[in-house]
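The values are calculated or read from the model by the stated rules, or taken from the named source; none is laboratory data. The structure presented is a predicted model; accordingly, all values stated were derived computationally and were not measured. Here Cβ is always computed from backbone atoms with ideal geometry, including for glycine, and neighbour counts include all displayed protein chains. Heavy atoms of the whole protein, side chains included, go into the accessibility calculation; ligands, DNA and RNA do not. Shrake-Rupley method; radii C 1.70, N 1.55, O 1.52, S 1.80 Å.
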Amino acid sequence: MPERDRPVARCHCRILERGLRTTMEPVPFLLVDDLEENLISLEALLRRDDRLLMKARSGDQALEILLQQDVALALVDVQMPGLDGFELAELMRGNERTRHIPIIFVTAGIADGRRRFRGYEAGAVDFIQKPIEPDVLSSKVDVFFELYRQRQQLAAQRDELAAQAQALKQAAEHKDILLREINHRIKNLFSLTAGLISVSARQATTVSDLEADLRSRLHALSRAHELTLPDLVGEDDRGDIATTVVALLKAIVAPHDHAHGSRILISGTDAPLGDKALTSMALLLHELTTNAVKYGALSGPAGQLSIDLSTIDEELHVKWSEHGSHPLSESSERTGFGTTLEKAAILGLNGSLARNWRTDGLCLALRIPLASLKS
């Protein structure tokens, strides 16, 4: 690491350490002595806000605490009635939960080699002689305090890394799902485009007619599928529902309307529109709008189009009313590719479409099951 970067790195480490310290619980210590006054003295010497001092008056009570609570250090009096300090240490070393806990024996006896050997054999890491010297006790306890804190920090960092790894895994899985969805939609788009080209080519009389029809329909599909993009990239949590019928209608008719002096009115009750139904609905509404532009109410400046939606008996009812035009008669209705596409779209939606030719314009009654729209 370059010399100029080291202070910054050390600063970041200190900041991280301070952050961990503020969120960590106090470090636990166990004080074991059969005399209450000795426990009170130890507690007074060791008391700090970042320490949790637990006390036991016997070896049995200490063992009960240790089986439930991990501690940084056990300060154990050697000579206690019943279970003495050495016996407690041996029991601790024989238990998987407590064998790693460091023990410092506190003794008022003579520090002969034989007693020390038994203490170390039982698992002690050190001895402190009574009367206790505060500075000696404090320095020894501080060592185990820091060791325990480091274990806490490593555990916290381990948990954080595990959480980050899980988040990365979930992000990768989400990415795979999105890629599969995009691949599926692209394949569908290619298939749909191929079908449009094949059928339209058989109906077109000139290249320009073919170009105009395909361009118009593809633009309609493009506007429709733009409505699904927020759901695809996760910006809007709408489950499997990609958009609504009203949103699709507005996208389809927008190129033929004006912000000032609008002559297209959309009203009534909206309905959710799922991804699978989106293509069929977009093609159907595009054909109806295109016919209105070429032959109906939107072919002249005085025409008006009103579209009213309602839901009745689990069906969407769309009333399409054109005013101010002279539509073709029923007998002269076109039977080209547009009509074929309409029928295919209605069939895909399990719907029905009825036409009524009036003197001032065409009226359509479209009915589609809500379940078909949600799919």
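Can you find a residue in the stretch 86-107 that is among the hydrophobic types (A, V, I, L, M, F, W, C) and exposed (fewer than 12 other Cβ atoms within 10 Å of the Cβ)? Looking for residues that are among the hydrophobic types (A, V, I, L, M, F, W, C) and exposed (fewer than 12 other Cβ atoms within 10 Å of the Cβ), one finds none in the stretch 86-107, hence no.
The C-beta contact set for the stretch 150-173 (first residue within 20 Å of Val27 (Cα to Cα) and of a type outside the set (Asp, Glu), second residue at pLDDT 90 or above and open to solvent by less than 90 Å² (accessible area, probe 1.4 Å), distance under 9 angstrom, 6+ apart or interchain) comprises Arg151/Ala72; Gln152/Val27. Taking the conditions (1) over 50 Å from the mean Cα position of the chain (by Cα); (2) open to solvent by less than 70 Å² (accessible area, probe 1.4 Å) in turn, Asp135 satisfies each one other than (2). When Ser321 is tested against (1) at pLDDT 85 or above; (2) open to solvent by 60 Å² or more (accessible area, probe 1.4 Å), just one condition goes unmet, and that condition is (2). With respect to the conditions (1) of a type in the set (A, V, I, L, M, F, W, C); (2) open to solvent by less than 40 Å² (accessible area, probe 1.4 Å); (3) at pLDDT 75 or above; (4) in a helix (DSSP H, G or I), Ala254 falls short on a single one, namely (2). Within the stretch 271-282, being within 13 Å of Ile252 (Cα to Cα) and open to solvent by less than 10 Å² (accessible area, probe 1.4 Å) holds for Leu278, Met281, Ala282. Restricting attention to the stretch 297-316, the residues that are under 23 Å from Leu373 (Cα atoms) and surrounded by fewer than 13 Cβ atoms within 10 Å (Cβ to Cβ) total 3. Looking across the stretch 340-371 at every residue that is of a type outside the set (Ser, Thr, Tyr) and more than 23 Å from Pro272 (Cα to Cα), the one that is least open to solvent (accessible area, probe 1.4 Å) is identified as Gly361.
Only one residue in Gly261, Gly234, Gly239 is open to solvent by 40 Å² or more (accessible area, probe 1.4 Å), touching a His at 6+ places or on another chain (Cβ under 9 Å) and at pLDDT below 75, so which one is that?
Matching residue, one of Gly261, Gly234, Gly239: Gly234.
Among all residues of the stretch 148-161, there is none that is under 54 Å from the mean Cα position of the chain (by Cα), within 18 Å of Met54 (Cα to Cα) and open to solvent by 90 Å² or more (accessible area, probe 1.4 Å).
Among the residues making up the stretch 39-66, those that are outside any strand (DSSP E or B) and farther than 23 Å from Leu91 by Cα are Ile40, Ser41, Leu42, Glu43, Ala44, Leu45, Leu46, Arg47, Arg48, Asp49, Asp50.
Of everything in the stretch 324-339 that is surrounded by fewer than 19 Cβ atoms within 10 Å (Cβ to Cβ) and touching a strand residue (DSSP E or B) at 6+ places or on another chain (Cβ under 7 Å), the residue that is modelled with the highest pLDDT is Gly324.
Restricting attention to the stretch 273-326, which residues are of a type in the set (D, E, K, R) and either touching a helix residue (DSSP H, G or I) at 6+ places or on another chain (Cβ under 9 Å) or under 21 Å from Glu226 (Cβ atoms) (or both)? Of everything in the stretch 273-326, those that are of a type in the set (D, E, K, R) and either touching a helix residue (DSSP H, G or I) at 6+ places or on another chain (Cβ under 9 Å) or under 21 Å from Glu226 (Cβ atoms) (or both) turn out to be Asp275, Lys276, Glu287, Glu314, Glu315, Glu322. The set of residues in the stretch 284-294 being open to solvent by 10 Å² or more (accessible area, probe 1.4 Å), more than 14 Å from Ala254 (Cα to Cα) and not basic (Lys, Arg) consists of Asn291 alone.
The residue pairs whose first member lies in the stretch 361-373 and is without any contact (Cβ under 8 Å) to a residue 60 or more places away in the chain and among the charged types (D, E, K, R), whose second member is assigned to a strand (DSSP E or B) and open to solvent by 10 Å² or more (accessible area, probe 1.4 Å), and whose beta carbons are closer than 6 Å, counting only pairs six or more residues apart or on different chains, are Arg367/Glu315; Arg367/His317; Arg367/Ser352.
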